[in-house]
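Engineer: The structure under discussion is supplied below as structure tokens; questions concerning it will follow.
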Amino acid sequence: MSEIYLTHRALSDIQEIYDYSVHEFSEIIADKYLNGFENALNLIKTNLDLLKIKLIISNRFKVYNVQKHWFIFDNIDDKIFLLTVKHISMNLLERLQQLEPSLEAEAEILYKQLK
């Protein structure tokens, strides 16, 4: 089983999704999102082949669709990093192009901390 490391940005994204869901819907719905995210991460840990490169989104980062969100991953050596979580309604290609330099840097920093 592989380990998945979450960047600060990914944790912040998940917190924002939770807070938004509580505010717009309910705490029950927000908890369902978190449970779905956790279940997806556990599934990915044991099935890394679920992560796919979608050239329409990025030629580097791997993606996985969870509920109405994209999980964006990178791997460095044998480490898997969840970089960010974005709603499917966003123009993901444009957003990733804006974020790519900082996402790569965040993954590298976390990777070095793990050594």
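Engineer: What residue, of Asp78, Asp13, is of a type outside the set (Lys, Arg) and surrounded by 12 or more Cβ atoms within 10 Å (Cβ to Cβ)?
Structural biologist: Working: Asp78 fails: surrounded by 12 or more Cβ atoms within 10 Å (Cβ to Cβ).
From the options Asp78, Asp13, the qualifying one is Asp13.
Engineer: For the stretch 22-72: of the residues being more than 21 Å from Ser12 (Cβ to Cβ) and hydroxyl-bearing (Ser, Thr, Tyr), which is nearest to the chain's Cα centre (by Cα)?
Structural biologist: For the stretch 22-72, the residue satisfying everything is Thr46.
Engineer: Tell me the strands (runs of 3 or more DSSP E) entirely within the stretch 1-76 that contain at least 1 residues that are touching a helix residue (DSSP H, G or I) at 6+ places or on another chain (Cβ under 8 Å), farther than 18 Å from Ser89 by Cα and aliphatic (A, V, I, L, M). Lay out the reasoning, then the answer.
Structural biologist: Values: elements: 4-6, 62-66, 69-76.
The qualifying strands (runs of 3 or more DSSP E) are 4-6, 69-76.
No lab work stands behind these numbers, since they all come straight from the coordinates. Since the structure is predicted, the reported quantities are computational estimates derived from the model, not experimental observations. Neighbour counts run over all protein chains shown; Cβ positions are idealised from the backbone, glycine included.
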